[in-house]
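The values are calculated or read from the model by the stated rules, or taken from the named source; none is laboratory data. These figures come from a predicted structure and were not determined experimentally. Don't worry about glycine lacking a Cβ; one is built from the backbone with ideal geometry, like all the others, and counts go over all protein chains shown.
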């Protein structure tokens, strides 16, 4: 900790008094953990809506036949939660920026398990290998769902102060893209294949890139 | 059997609680050094400021000035820019005071904001330096020209300044016109405009920052 230099504090007294005159009570920002729990609950609610429509059985049958799909799904869910928590943490000055590295293990699980699925020679039960045209639906799903999720996270960070806006925006993009990919898993009737994986990666990349470009500016209001 | 297991479980939980309490007491019993005491004091003041306590707020801001200067100096901010960094950091603290969590270190929160403002100042300074010629060189190359066109340049500068002032938001424009150009006192300006002296000071500071940015080409 620094030993403060108080040599010329008086020269700033007028500004301090002016700021004091403007002071109004403020509602304290909720902790990153509390906001991450809220984010997770929201994702759970969206998952419940999709499960209500599509049912759990098709997803569980796919997972039982091809556990790599389940691992990839788990990786995506964890990435969405951890990246969300990191984004909320980066919105509070003084929190360690290095915690951004925590998204790496779940992201590696997600990417690794998805990649491993492509190496299987057999097709998972109740699925088919998607054609390029069919994968467009997956891309649309991820892009269309990621947009409101990203907007929601930017809004949740409106009272925060991210000292690294671009990194925070990348985390928002990763969290929303991973959340969309997790939710897609509930109604995804295609097996892991190079084309499908490539299209998912493209959609996730687009979401992260768009957030880094626009989200950083939106978060730079202060 | 189940009663034995339950007792063992209860005893285990009790032991764990006692050991946690001891650990907490041991940490609490350790004497705090001056810096830790100062950090706790500022954290309490900032918590009170979040609830609207002006006295606590002015105290914590006053004690923050030295810390901000130390952080900025460590980052290599030149001495002539230190006051700018202090002012920018104080204004940022005011805007984002809701992000402070009193259960955590005030120093860590403040130092992170000060470091950011220090980096911003260094970047702006760097950009300005690249655009501006070193003074002796500039005089040597353009001395005669400068003399010849002195009046014209003065008029041109005044026009640019007038134009920049005209683009300011009404509150800031008012502050510059009364306090800066007409050299009125704060009390006179407050009476004329119906604004508080505090608001006028903040508006003037923001206006000067905006004008500096516009005239030097920074946004």
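What's the number of the condition residue A:24 fails, among (1) modelled with pLDDT of 85 or more; (2) surrounded by 14 or more Cβ atoms within 10 Å (Cβ to Cβ)?
(2)
Among the listed residues B:185, B:196, which satisfies the condition of being over 20 Å from residue A:19 (Cβ atoms) and out of contact with any strand residue (DSSP E or B) (no Cβ under 7 Å at 6 or more places or on another chain)?
B:185
So, in the stretch B:41-58, of the ones that are more than 9 Å from every other protein chain (Cβ to nearest Cβ) and in contact with a helix residue (DSSP H, G or I) (Cβ under 7 Å, 6 or more places away or on another chain), which residue ends up surrounded by the fewest Cβ atoms within 10 Å (Cβ to Cβ)?
Filtering first and then ranking leaves B:48.
Which of the following residues is outside any helix (DSSP H, G or I), away from chain A (no Cβ under 14 Å) and in contact with a helix residue (DSSP H, G or I) (Cβ under 7 Å, 6 or more places away or on another chain): B:214, B:184, B:173?
B:184
Within the stretch A:82-90, is even one residue at pLDDT 90 or above and closer than 15 Å to residue A:180 by Cβ?
The answer is yes; a qualifying residue exists.
Residue check: is residue A:18 assigned to a helix (DSSP H, G or I), more than 14 Å from chain B (Cβ to nearest Cβ) and modelled with pLDDT under 95?
The answer is no for residue A:18.
Quick one: how many residues across the stretch B:71-92 are closer than 20 Å to residue B:57 by Cα and at the interface with chain A (Cβ under 8 Å from one of its Cβ atoms)?
Qualifying residue count for the region: 6.
So, in the stretch A:49-63, exactly how many residues are without any contact (Cβ under 8 Å) to a residue 24 or more places away in the chain and surrounded by 14 or more Cβ atoms within 10 Å (Cβ to Cβ)?
1
Residue by residue, here is whether (1) farther than 13 Å from residue A:142 by Cβ; (2) buried (at least 24 other Cβ atoms within 10 Å of the Cβ); (3) touching a strand residue (DSSP E or B) at 6+ places or on another chain (Cβ under 9 Å) holds:
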| site | (1), (2), (3) |
| --- | --- |
| A:187 | no, no, no |
| A:200 | no, yes, no |
| A:205 | no, no, no |
| A:215 | yes, yes, no |
| A:218 | yes, no, no |
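Which members of the stretch A:69-103 meet the condition of being within 14 Å of another protein chain (Cβ to nearest Cβ), surrounded by fewer than 20 Cβ atoms within 10 Å (Cβ to Cβ) and assigned to a helix (DSSP H, G or I)?
Within the stretch A:69-103, A:97, A:98, A:99 qualify.
Being surrounded by fewer than 24 Cβ atoms within 10 Å (Cβ to Cβ), assigned to a helix (DSSP H, G or I) and either at pLDDT below 90 or more than 14 Å from chain B (Cβ to nearest Cβ) (or both), is that true of even one residue in the stretch A:157-165?
No: zero hits.
For residue A:66, indicate whether it is surrounded by 20 or more Cβ atoms within 10 Å (Cβ to Cβ) and modelled with pLDDT of 95 or more.
Criteria not met by residue A:66.
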